[in-house]
Amino acid sequence: MIIRNSTQRINDIANLLLQKGKDKNQEKNHNQDCEPVMLVSILDSIVSEKRAQYRQRLDVDIQTDISSGYGLFAKIQSTDLARAISNAVNNSVEAFTGKGYVTISLSSDNDFAIISIKDNGKGIPKHILEKLGERGVTFGKDGTQSGSGLGVFQAKTSIEAIGGKYEIISKEDNGTSIL
């Protein structure tokens, strides 16, 4: 089931990229035609996938705090949101220098759903943090084959396109939070 969900997400991303290539106006209308999606189901799916992906890593603990988010919906492309959450969890795990945890939370504040991803990784230096979210800016990917600087850029762009806010709070040697 996890492999099927991952494969479907990759297929959705590929189809979306093909469609964007055909229709340059797609970017403007990308989220206007979205149906509301149940956030808990997307988060549950990603957490299950990431726990399976990192099951061999005993130093990785992926936790959730989504019980207060049941019944929350958002008008967003579920593919974009799943990709953003998946990327954030991967970035968190890559930031561990020993045993680490990632906590994915869902709550609400007035008319807004708040998804947060927090870790106890190595944190991000202030001079990098100021630029993170710009196309091509990456941090801490030395020795890996990932790190094109597009993951955070895509997440920030997708969330802000629907009127949301994408904020990264980090302190070196003290972890990172994405809200």
- Item | Cα-projected label distance for F73 with E167, points at 7 Å along beta-carbon direction, nm | 2.7 nm
- Once amide hydrogens are built 1.01 Å from N within the peptide plane, the residues lying 5 or more places from S108 or on another chain with amide H under 5 Å from its amide H are I114
- Item | Peptides ranked, highest mean first, by Cβ atoms within 10 Å: ranges 41-48, 88-95 | 88-95, 41-48
- In whole angstrom, note down how far apart the Cα centers of segment 51-81 and segment 105-124 are. 11 Å
- Task: Go through K75/K118; K50/K171; K99/K156; K50/K75; K75/K131; K126/K165 and tell me which ones have a Cα-Cα distance over 22 Å in this structure.
- Result: K75/K118; K50/K171; K99/K156; K50/K75; K75/K131
- Pair S48, T103: separation of 7 Å Cα→Cβ label points (nm): 2.4 nm
- Using θ = phi - 60° and the Karplus form 6.51 cos²θ - 1.76 cosθ + 1.60, what ³J(HN,Hα) does each residue of segment 114-120 get, whole Hz, x for Gly and Pro? 10, 10, 10, 10, 10, 9, 10
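Here, each number is a calculation from the coordinates, and none is a lab measurement. Since the structure is predicted, the reported quantities are computational estimates derived from the model, not experimental observations. In this analysis, Cβ positions are derived from the backbone assuming ideal geometry, glycine residues included, and neighbour counts consider all displayed protein chains.
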